[in-house]
Amino acid sequence: MTRITLTTGSVDEFFARSRERARKLDRGERIPAEVRVVFEDPADLLQVLSTERIRLLQAIRPRPVPVSQLSAALDRDRQAVMRDVRLLESFGLLKTLDAPNPGHGRRRIVAPLAARYQLVANI
């Protein structure tokens, strides 16, 4: 699975990282696949990664889970879980897919994009 890092940083740090990656590519070095979500303000990072959203990521880490089971396991309203799933998916932290639900139409399955999520905050 892909490595996912959530961190804080500036635009200058972003461009420095990008230049370093370009240099590695020019030298023919292999760059491991990763997703890096960078927030300029640590408060924004903490807002996205609320306690409930962290619990959600932990709940899906072992295996993909249908939203209905996820909301029951987290003891939360299904719509609240779905809002959090959409937000986390928009940041590239998880994925969803529709699957047949025998006798009941379709169901939404929530799956992790990484076995581990790394959180780095520089204040």
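For the reader, a short list of remarks on this structure follows.
- Yes/no for Ala115 being at pLDDT below 90, touching a helix residue (DSSP H, G or I) at 6+ places or on another chain (Cβ under 8 Å) and not acidic (Asp, Glu): no
- Residue match in the range 69-92 (condition: under 13 Å from the mean Cα position of the chain (by Cα), of a type outside the set (Phe, Trp, Tyr), modelled with pLDDT of 90 or more and under 13 Å from Ile4 (Cβ atoms)): yes
- Any hit, the range 14-35, residues being surrounded by 10 or more Cβ atoms within 10 Å (Cβ to Cβ), in contact (Cβ under 8 Å) with a residue 40 or more places away in the chain and touching a Phe, Trp or Tyr at 6+ places or on another chain (Cβ under 6 Å): no
- Cβ pairs under 9 Å, 6+ apart, first in the range 58-79 and on the phi < 0 side of the Ramachandran plot, second open to solvent by less than 100 Å² (accessible area, probe 1.4 Å) and of a type in the set (Phe, Trp, Tyr): Arg61/Tyr117
- Pairs with Cβ under 9 Å, 6+ apart, first in the range 98-123 and farther than 26 Å from Val48 by Cβ, second at pLDDT 85 or above and acidic (Asp, Glu): Arg106/Asp98
- Qualifying positions in the range 1-56 - assigned to a helix (DSSP H, G or I) and among the basic types (Lys, Arg): Arg17, Arg19, Arg21, Arg23, Lys24, Arg53, Arg55
- Complete set of residues in the range 100-123 that are surrounded by 12 or more Cβ atoms within 10 Å (Cβ to Cβ) and over 18 Å from the mean Cα position of the chain (by Cα): Asn101, Arg107
The values are calculated or read from the model by the stated rules, or taken from the named source; none is laboratory data. Computed from a prediction, not measured in an experiment: that's the story for all the values here. As a convention, Cβ positions derive from the backbone with ideal geometry for all residues, glycine included, and neighbour counts pool all protein chains shown. Note: areas computed on protein heavy atoms with side chains; ligands, DNA, RNA excluded. Shrake-Rupley method; radii C 1.70, N 1.55, O 1.52, S 1.80 Å.
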